[in-house]
Amino acid sequence: MGINYLYPQYEIHRDPMRCIKCRVCERQCANEVHHYDEELDVMIADEASCVDCQRCVSMCPTRALKIVKTDNTFKENANWKQDTIEEVYRQASTGGVLLSSMGNPKDYPVYWDKILINASQVTNPSIDPLREPMETKVFLGKKPSSLKMDKKGKIVSEIPPQIELELPIMFSAMSYGSISENAHKSLARAATALGTCYNTGEGGLNKELYQYGPNTIVQVASGRFGVHEDYLKAGAAIEIKMGQGAKPGIGGHLPGRKIGAKVSETRMIPEGCDAISPAPHHDIYSIEDLRQLIFSLKEATNYEKPVIVKIAAVHNVAAIASGIARSGADVIAIDGYRGGTGAAPTRIRDNVGIPIELALAAVDQRLRDEKIRNDISIVVGGSIRSSADVVKAIALGADACYIGTSALLALGCHLCRSCQSGKCNWGIATQREDLVKRLNPEIGSERLANLLTAWNHEIKEMMGGMGINSIEALKGNRLMLRGIGLTEKELEILGIKHAGE
Amino acid sequence: MRINATGKYYTDLNHEVKKTQDREVVIDHCLGQRYIGTGVTGKNIIIHGTPGNALGAYLKGTDLTVFGNVQDAVGDTMDSGKIIVHGSGGDTVGYGMRGGAIYIKGHAGYRVGIHMKAYQDHQPVIVVGGSTGSFLGEYQAGGTIIVLGLDRKKGMPTGSYLGTGMHGGEMYIRSCEMPRATDQVTVTPCTKEDLEKITDKLEYFCTNFDVSMEEILSRPFWKLVPSAYNPYNSLYTAY
């Protein structure tokens, strides 16, 4: 055996005065960090396996535990940071591609935090959402350029299919397989209670979840897992996944060990068989080919379902979006480079793609310039962390937002970024039955509903402050935004003025 | 029901097919209309002419017979039913196909049977009488692909990058020489038992296209299976 170059990242501090040796930590840790030593009558820990998911800390009845970053330090070097050195060690010992989970954790600028929202003073008074009606309902889909009405004022024009949402926030695509059945149930129930949608991701739709169809977006991706006619007809809309913010240009790969009986049934593949979704759809090489897939889906569902095309935010996103708007898609979903994932090559996650704020502003402006903005709705995701981010996104031109990481946090995720291991102690990113049952879908859906109810109220308060009582009037209303500490170029791309201007 | 497709836009044609109560539908003078058979259950559709792309996409419980050639993406994500083509097919025949069968008398293009899967009693089959282009069975995860190369006097009837990324299912190739595949595929001469497994499919081909079994069996068959069912397990290291 060679030398182990890696020192554990965390230390487990156990207060012996508080520890009652109840061994809850031992039972709760799927990484098998904690052990009870009978001879010495003490709890011991193997920090090397700890991922800092905080499960033991949260479950310890006497608050005897805390996880801290180790202060063992390599010789300091501004260029060769400890993380960078350790990555080299890992690859040198395994020959493997570095694999990570959840969103890009690197210290890139967060533009949401450099944008400020307006409020009314004296003139154009603000509106109090506690006593005045505020509209946050949105319809996603193609809007007709003109409306014809009969003598009684009834609309007679044919309206393309729409997704109706009570609030401008949906749960983004997370497949059954990458997350657990109970996580899916929580999302489905919460979406139904809130009048919004969750998204199956490319993992098919479990039979038990067909009842939530009106609040489900079903996804079709390059691997076509679980895609069949009933599935396509089950949802409120169909999403074609072309790309994902966490791994633009890269496909998905659910390892065979995560494909048990139920995942196999839902994905319609054999148990234990790797589920590979390659980066490209091998039948799509152009906007015309994309159009072919969009219309095959529309034909299969009698033109009753809106089709969403999801792409990752990349350098040329505005031109790509323009093509998608002309391809017959009803909605474009853009996923920023901070978007989460169940597993992605670290180098891709941390270095590929662009911020959603800039991508959104560029796409909205391009579609307006080309006078096709009403032909397609825009949904953005890729690290929407709060209701303020939602308000800023809508003012930059989005119709609605997708949230993934925020939703998982509501379910108990502590962003330990170890989803790929399949040993999620919170019962979210795992298929191990003993772990899955730790997540109660009743409680999970309630927490998700709480989160979005609170956000929706905050959105109304911010809108009211601006003197706006309908989300439609906020959409693309960039005068409501000001930049802080941004360069001329950044302001130009965002299409906003600097604070004070 | 008999439909004359001359000058008909595909949405109108498909609407007529979906609307009729008749189980038997004959389409004459078909010329490029897309998605025929998509979203239609329990029918037998006979097409004279050349249907457009994505014929029988997501096909479920309907049979399609084409007297003519077909274009790209035939049987995309097909679930069940049969597609019988008395001519040649284009690219990506049976993309992501999970069940049912596609029989093509002539040739087929690039990327035939890619992402083909199998699941319980859903065991998809593609049989091509002529030759195919490159990337045959790319990422194949299940099901059976058979290429007969009946047109060829020598050489293999498949193109380059045969079975790239294959991790399930089987391919059977009739060829005088051993097919050259990527390392991800293991090629062996077919045994008698192997051939018995596909006899019913070969017989079905013979009956439909009036080819003799004797001719088909006059050349050796090769069996291609994945070298690994979980090929990417060791590719990654967690961080």
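Within region B:120-135, restricting attention to residues that are within 14 Å of another protein chain (Cβ to nearest Cβ) and more than 24 Å from A:GLU271 (Cα to Cα), the residue that is surrounded by the most Cβ atoms within 10 Å (Cβ to Cβ) is B:PHE135.
The combined condition, being within 18 Å of the chain's Cα centre (by Cα) and either surrounded by fewer than 20 Cβ atoms within 10 Å (Cβ to Cβ) or closer than 22 Å to A:ASN199 by Cα (or both), is fulfilled by A:GLN420. Scanning region A:368-381 for any residue that is modelled with pLDDT of 95 or more, among the hydrophobic types (A, V, I, L, M, F, W, C), in contact with a Cys (Cβ under 6 Å, 6 or more places away or on another chain) and outside any helix (DSSP H, G or I) turns up at least one such residue. Selection of region A:454-468 for residues being surrounded by fewer than 19 Cβ atoms within 10 Å (Cβ to Cβ) and in contact with a helix residue (DSSP H, G or I) (Cβ under 7 Å, 6 or more places away or on another chain) yields only A:GLU458. Return yes or no: is B:GLY52 assigned to a loop (DSSP other than H, G, I, E, B), within 11 Å of chain A (Cβ to nearest Cβ), surrounded by fewer than 22 Cβ atoms within 10 Å (Cβ to Cβ) and small (Gly, Ala, Ser)? So B:GLY52 fits the description; yes. Consider region A:195-223 and keep the residues that are farther than 20 Å from A:ASP335 by Cα and buried (at least 24 other Cβ atoms within 10 Å of the Cβ). The one that is modelled with the highest pLDDT is A:ASN215. Suppose we keep only residues that are at pLDDT below 95 and in a loop (DSSP other than H, G, I, E, B) within region A:79-98. Which one would you say is nearest to the other protein chains (Cβ to nearest Cβ)? Out of the qualifying residues, it is A:GLY96. Within region A:253-283, the set of residues being within 20 Å of B:PHE135 (Cβ to Cβ) and more than 10 Å from chain B (Cβ to nearest Cβ) comprises A:ALA279, A:PRO280.
Those strands (runs of 3 or more DSSP E) of region B:166-239 in which 2 or more residues are under 30 Å from A:PRO345 (Cβ atoms) and within 14 Å of chain A (Cβ to nearest Cβ) occupy B:168-174, B:221-226, B:236-238. Scanning region B:81-119 for residues that are more than 14 Å from chain A (Cβ to nearest Cβ), over 10 Å from the mean Cα position of the chain (by Cα) and of a type in the set (Gly, Ala, Ser) returns B:GLY87, B:SER88, B:GLY106. Of all the residues in region B:136-155, those that are part of a loop (DSSP other than H, G, I, E, B), in contact with a Lys or Arg (Cβ under 7 Å, 6 or more places away or on another chain) and more than 12 Å from chain A (Cβ to nearest Cβ) number 2. Of all residues in region A:225-250, those satisfying the criterion of being at the interface with chain B (Cβ under 10 Å from one of its Cβ atoms) and either farther than 17 Å from B:MET116 by Cβ or crowded, with 24+ Cβ neighbours inside 10 Å (or both) are A:PHE225, A:GLY226, A:VAL227, A:GLU229, A:ASP230, A:TYR231, A:LEU232, A:LYS233. Scanning region B:60-80 for residues that are hydroxyl-bearing (Ser, Thr, Tyr) and either closer than 13 Å to B:ILE126 by Cα or within 14 Å of another protein chain (Cβ to nearest Cβ) (or both) returns B:THR62, B:THR77, B:SER80.
The values are calculated or read from the model by the stated rules, or taken from the named source; none is laboratory data. Since this is a predicted model, take the numbers as computed values, not measurements. Every residue, glycine as well, gets a Cβ built from its backbone with ideal geometry; the counts of neighbours run over all protein chains shown.
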